[in-house]
1. Do you know which residues across segment 10-55 are aliphatic (A, V, I, L, M), touching a Gly at 6+ places or on another chain (Cβ under 7 Å) and either in a helix (DSSP H, G or I) or surrounded by 15 or more Cβ atoms within 10 Å (Cβ to Cβ) (or both)?
2. If you take the residues of segment 56-78 that are assigned to a loop (DSSP other than H, G, I, E, B) and of a type outside the set (S, T, N, Q), which of them is surrounded by the most Cβ atoms within 10 Å (Cβ to Cβ)?
3. Can you confirm whether residue 81 is exposed (fewer than 15 other Cβ atoms within 10 Å of the Cβ), among the polar types (S, T, N, Q), part of a loop (DSSP other than H, G, I, E, B) and modelled with pLDDT under 95?
4. Restricting to segment 32-90, give me the number of residues that are of a type in the set (Asp, Glu) and closer than 17 Å to residue 13 by Cα.
Amino acid sequence: MKKRILSFSEDKEDLILLSFLDKIKNGFYIDVGANDPYADSVTKLFYDLGWNGINIEPLPYMYNKLCEDRPKDINLNIGISNKKGQLELRSAGGLSTFNEKFTFGGGGGGVFKITNKNLKN
């Protein structure tokens, strides 16, 4: 009997990637904007298959979930930008952006202040 593999990603991107990477055991990934460790996750399937990696997630509550559910990964509570200083992260559902011109329809989102101290101009 063939083992069933479940998709965690929104549009089965994890299964598409797996079809190309299925021979790689104990691979490594970097997930920028990892968000939830299960829902719509492109890396959860690979984590379950023995891979590990780096999850970058600026939202504190999602970062905490990643730390709890992905102990073999390196989880970073940071944002990635080409600008130094404090940025506003706009977030709604699983979407987020530092782009101040972008808005999410329907509301329900939040604005979070993220400080990037490590960039050099």
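1. Once the filter is applied, which keeps residues that are aliphatic (A, V, I, L, M), touching a Gly at 6+ places or on another chain (Cβ under 7 Å) and either in a helix (DSSP H, G or I) or surrounded by 15 or more Cβ atoms within 10 Å (Cβ to Cβ) (or both), segment 10-55 yields only 21.
2. First, pick out the residues of segment 56-78 that are assigned to a loop (DSSP other than H, G, I, E, B): 57-59, 70-73, 77-78.
Pick out the ones that are also of a type outside the set (S, T, N, Q) and you get 57-59, 70-73, 78.
Numbers: 57: 25, 58: 23, 59: 21, 70: 20, 71: 9, 72: 9, 73: 21, 78: 15.
Step by step, filter segment 56-78, then rank; the result is 57.
3. Taking the combined requirement at face value, the residue satisfies it.
4. First pass over segment 32-90, keeping only residues of a type in the set (Asp, Glu): 36, 40, 48, 57, 68-69, 73, 88.
Right, trim to closer than 17 Å to residue 13 by Cα and you get 36, 40, 48.
Within segment 32-90, residues that are of a type in the set (Asp, Glu) and closer than 17 Å to residue 13 by Cα number 3.
The values are calculated or read from the model by the stated rules, or taken from the named source; none is laboratory data. Since the structure is predicted, the reported quantities are computational estimates derived from the model, not experimental observations. No Cβ is skipped: glycine too gets one built from the backbone with ideal geometry, and neighbour counts run over all protein chains shown.
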